[in-house]
């Protein structure tokens with residue numbers, strides 16, 4: 001099955017055709033799971049728009065550890081928090 005060009009929204013868009021079972025289930029293609037880091041047991045947010053269904057991975061709290069490390073060291077952040085508490 002060929003996907004019409006008007007369905008492609010960007011150059012970085014990855015397109016696959018999947019079927020929906022009679023129970024409403026479908027399979028996310030392996031390349032899409034790899035690209036988005038979706039693993040078995042992960043939860044997805046389902047967003048319904050006027051003409052589409054969008055599945056977005058929900059980050060687990062464990063996966064967020066250290067994502068802001070580039071903005072400062074733990075000790076610096078603790079000092080800043082203590083300073084703000086004193087001012088409050």
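Looking at residue 31, is it at pLDDT 90 or above, at negative phi and assigned to a helix (DSSP H, G or I)?
Values: at pLDDT 90 or above: yes; at negative phi: yes; assigned to a helix (DSSP H, G or I): yes.
Yes, satisfied.
On the phi > 0 side of the Ramachandran plot, without any contact (Cβ under 8 Å) to a residue 40 or more places away in the chain and loosely packed, with under 10 Cβ neighbours inside 10 Å - does that describe any residue in segment 47-64?
Keep residues of segment 47-64 that are on the phi > 0 side of the Ramachandran plot, which gives none.
No, there is no match, as no residue in segment 47-64 is on the phi > 0 side of the Ramachandran plot, without any contact (Cβ under 8 Å) to a residue 40 or more places away in the chain and loosely packed, with under 10 Cβ neighbours inside 10 Å.
Out of 1, 14, report the one residue that is surrounded by 10 or more Cβ atoms within 10 Å (Cβ to Cβ), at pLDDT below 90 and either at positive phi or part of a loop (DSSP other than H, G, I, E, B) (or both). Talk me through it step by step, then tell me what you get.
On the way: 1 fails: surrounded by 10 or more Cβ atoms within 10 Å (Cβ to Cβ).
The unique qualifying residue is 14.
Note down all Cβ pairs under 8 Å where the first residue falls in segment 68-88 and is in a helix (DSSP H, G or I), the second is surrounded by 10 or more Cβ atoms within 10 Å (Cβ to Cβ), and they're at least six residues apart or on different chains.
Close Cβ pairs (under 8 Å, with a partner that is surrounded by 10 or more Cβ atoms within 10 Å (Cβ to Cβ)) amount to 80/72.
If you check 24, 41, which single one turns out to be modelled with pLDDT of 95 or more, part of a loop (DSSP other than H, G, I, E, B) and exposed (fewer than 10 other Cβ atoms within 10 Å of the Cβ)? Lay out the reasoning, then the answer.
Working: 41 fails: modelled with pLDDT of 95 or more.
When all the criteria are applied, what remains is 24.
The values are calculated or read from the model by the stated rules, or taken from the named source; none is laboratory data. What you are looking at is a predicted structure, and each value in this text was computed from that prediction instead of being measured. Positions of Cβ are backbone-derived with ideal geometry, glycine not excepted, and every protein chain shown enters the neighbour counts.
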